[in-house]
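Remarks on the structure that follows.
The values are calculated or read from the model by the stated rules, or taken from the named source; none is laboratory data. The shown structure was predicted, so the numbers you read here are calculated from the model rather than taken from an experiment. Glycine also receives a Cβ, built like all others from the backbone with ideal geometry; neighbour counts cover every protein chain displayed. The protein model used for the area step is the full one, side chains on, heavy atoms only, and it has no ligands, DNA or RNA in it. Shrake-Rupley method; radii C 1.70, N 1.55, O 1.52, S 1.80 Å.
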Amino acid sequence: MAWPRVRLVVTADDFGYCPRRDKGIVEAFLAGTVTSVSLLVNGTAAESAAELARRHSIPTGLHANLTEGRPVGPARHHASSLLSPEGFFLGKMGFREALTAGDVALPQVREELEAQLSRFRELLGRSPTHVDGHQHVHVLPGTRIEEPRLGGGFFPGLVGGRC
């Protein structure tokens, strides 16, 4: 009896967070320890990380973020239920509390996630290999990133998603 072939996928998230972290992630990829990365498109080093991903042919997905830093979508230009008065995301617990209280406008979540997908495509010139969520935001009610082949989700036409 032949054993099924198993492939372990090790994804390093927060790619694009800062240059020092990105350097370590690339070193791990080149050493064969990491097999893919998830890009934080609103990270301070997103552009340089995208260049590293292209240069080293690293399989790259979108690390959807609704909890840290500044938005890339329309919310950056006006008041939003996703943001503090200072224009930053509410943080991990702040977002969860606002979501539980019903204070998050779900259309604004969709707008931001669509903007992040668009930004990813601008940076890499292609769609992501996968989508996952920063600080597990992708599994929260109303923000779940679903596999389009299973009935929709925020990213129509995307080949795959991970939870």
Out of all the residues in segment 68-109, which are touching a Lys or Arg at 6+ places or on another chain (Cβ under 8 Å) and assigned to a loop (DSSP other than H, G, I, E, B)? Glu68, Arg70, Val72, Gly87, Phe88
Boolean, Val37 is under 20 Å from Val131 (Cα atoms) and not in a strand (DSSP E or B): no
Can you find even one residue in segment 148-159 that is open to solvent by less than 40 Å² (accessible area, probe 1.4 Å), in a loop (DSSP other than H, G, I, E, B) and at pLDDT 85 or above? no
State yes or no: is Glu47 acidic (Asp, Glu), surrounded by 14 or more Cβ atoms within 10 Å (Cβ to Cβ), part of a helix (DSSP H, G or I) and out of contact with any Lys or Arg (no Cβ under 8 Å at 6 or more places or on another chain)? no
Being touching a residue at least 60 places away in the same chain (Cβ under 8 Å) and not polar (S, T, N, Q) is the filter here; which residues of segment 1-48 pass it? Asp13, Asp14, Leu39, Leu40, Val41, Ala46, Glu47
